[in-house]
Amino acid sequence: MKHRLLGAAIAGCALAAVGAGPVHASSDQLWISVPSDTVLPVPDADGGAPRRTLDVRVTHDNTENGVPAGRLTVDASEIASFARVSWPANCVPESAVEAVCDFPEMPPGTDGVAAARLGLGALPDADLGASGYVRYSAAAGDLTAYPAETRITLGDGPDLGLSQAEYQRDLRPGTNTEVRATVGNSGNRAVDRTLLWVNASYGLRFRERHSNCEYHEHATGTSALCVLDEAVAPGERYELVTGLRVGRKALYERFDHSVLPYSDEALAEARGDATWTPGTGPELNLRPVAAQRAAAGEDDLDLSDNYRTVILDARNTADLKLTGSKVGGAVGDTVTARVTVYNRGPAWVASLGAGAPVAVVRFQAPEGTTVLDMDNCWSSDPDEPGPDTSCFCATPIWLHDRASHTFEIPLQIERVVRGARATVSTVNDMPELEIRKFDPNLRNNSAAIVVNG
């Protein structure tokens, strides 16, 4: 959909090189992981100002290496005129605006550690237009991190946010489940109404079609737009529960949701050009967890926590099957061989997070032929293609049950070899989506291209 938060959360042998070489055990790089920006609410009419927390982590690239304990330096001098920093116990202030924080070692197999948890709050007389950066540097042993920074601005308004719901694994098709999250307002103004966007992937179904929601079916699932009438004041938290049915086609499923202060403009933007159908069931409501009164406002201060994704994996299988083809021609002809990846189900297969292809097939040119350029394909040796060069072709990132994807492989016949044959097979251990983990029958994952047979 076209909403500013809700964009594409989901949405050759054109011979390109495959990947990069291995990382050497001696090479490594230190990094500082921080939010790129955050918004501090200014004090409200009663003088209260919600605080923010900056979580700083230090990571490194090569987990085969161990990294000794190190030190993080934090410089908050640019925000001293409008905000106050509170330092955690592992940080030693060198002044009111600078501190050095000790962080622990990273043994082999560890990719990062928490380095500091900084508290931030706007000063009572802060200018709403003020902004500045908190800057960081870090070192551990012989490693020095690239500098990092967080831009701090001030805001006056509501700040809706969603808690991260737990991922769910090993769900059984045909059963029900729920996604439970908390909607909170950490700004300094209330929200009168909330616009909720929800997307359940193809293997999931909403158990209710609520009357205060409208629904849109698309190729990878169902989206819903809901208008929630409960006002959410600063400091309030509400429970949001979405009931789901795990369908018989479920496998690697994804649930996305986001919240914004409601406005007619926000709803129109979220609808876009899609067709939406109103629900008829009971209303979806927020269930209060805490309450507090405040004045009303409109714009959300900080969008970084308005959107969440939940992974729901089902205990299911999908049997991929390959079919090949026979072609023939004379010397100099270009012929098209076809290889089809067919999903026999029962589950659909999708990589909606990593965006990996459902299947990558590998083959070599049949004897006497050359593979010409084609989309979504690459070669293991693009600089020196030859009879031993492997070609790889990738399907789209999802394949419905009982659906197929066909590769059209252009072959130029250099010389006629009767019965020239090449085996095409799936690569079953691609790291982002391993076929062997969901396919119960790998014996039908290969086929043949035959030329002049």
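The values are calculated or read from the model by the stated rules, or taken from the named source; none is laboratory data. On a predicted model such as this, the values are computed, not experimentally measured, just so you know. We place every Cβ from the backbone using ideal geometry, glycine too, and count neighbours over all the protein chains shown. The area values use the complete protein model at the heavy-atom level, side chains included, leaving out ligands, DNA and RNA. Shrake-Rupley method; radii C 1.70, N 1.55, O 1.52, S 1.80 Å.
Quick one: in the stretch 75-98, of everything that is outside any helix (DSSP H, G or I) and of a type in the set (Asp, Glu), which residue is nearest to the chain's Cα centre (by Cα)? Before you say what the answer is, go through the steps one by one.
Taking the stretch 75-98 as the starting set, the residues that turn out to be outside any helix (DSSP H, G or I) are 75-76, 80-98.
Remaining after also requiring of a type in the set (Asp, Glu): 75, 94, 98.
Working: Asp75: 31, Glu94: 39, Glu98: 35 Å.
Once the filter is applied, the top-ranked residue is Asp75.
Taking the stretch 35-65, which residues are in a strand (DSSP E or B) and not aliphatic (A, V, I, L, M)?
Within the stretch 35-65, Asp37, Thr38, Pro41, Arg52, Thr53, Asp55, Arg57, Thr59, His60 qualify.
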So is Ala126 surrounded by 14 or more Cβ atoms within 10 Å (Cβ to Cβ), over 29 Å from the mean Cα position of the chain (by Cα), closer than 22 Å to Gly48 by Cα and aliphatic (A, V, I, L, M) or not? yes
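Taking Ser380 as the residue in question, decide whether it is open to solvent by 50 Å² or more (accessible area, probe 1.4 Å), touching a strand residue (DSSP E or B) at 6+ places or on another chain (Cβ under 8 Å), under 30 Å from Ala250 (Cβ atoms) and small (Gly, Ala, Ser). Can you show your working first?
Numbers: open to solvent by 50 Å² or more (accessible area, probe 1.4 Å): yes; touching a strand residue (DSSP E or B) at 6+ places or on another chain (Cβ under 8 Å): yes; under 30 Å from Ala250 (Cβ atoms): no; small (Gly, Ala, Ser): yes.
No: the conditions fail for Ser380.
Just for the stretch 172-195: of the residues that are of a type in the set (Val, Ile, Thr) and closer than 17 Å to Val289 by Cα, which one is surrounded by the fewest Cβ atoms within 10 Å (Cβ to Cβ)?
Restricting attention to the stretch 172-195, the residues satisfying the condition of being of a type in the set (Val, Ile, Thr) are 175, 177, 179, 182-183, 191, 194.
Remaining after also requiring closer than 17 Å to Val289 by Cα: 179, 182-183, 191, 194.
Details: Val179: 20, Thr182: 17, Val183: 25, Val191: 29, Thr194: 23.
Looking at the filtered set, the residue picked out is Thr182.
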If Asp381 satisfies every condition in (1) touching a Pro at 6+ places or on another chain (Cβ under 7 Å); (2) at pLDDT below 95 but one, which is the exception? (1)
Asn199 is checked against (1) open to solvent by less than 10 Å² (accessible area, probe 1.4 Å); (2) more than 26 Å from the chain's Cα centre (by Cα) and fails just one. What number does that condition carry? (2)
Give the number of residues within the stretch 155-171 that are open to solvent by less than 20 Å² (accessible area, probe 1.4 Å), out of contact with any Pro (no Cβ under 8 Å at 6 or more places or on another chain) and part of a strand (DSSP E or B). 2
Given (1) open to solvent by less than 70 Å² (accessible area, probe 1.4 Å); (2) in contact with a Ser or Thr (Cβ under 7 Å, 6 or more places away or on another chain); (3) over 16 Å from Gly121 (Cβ atoms); (4) not in a loop (DSSP other than H, G, I, E, B), where does Leu72 come up short, assuming only one miss? (2)
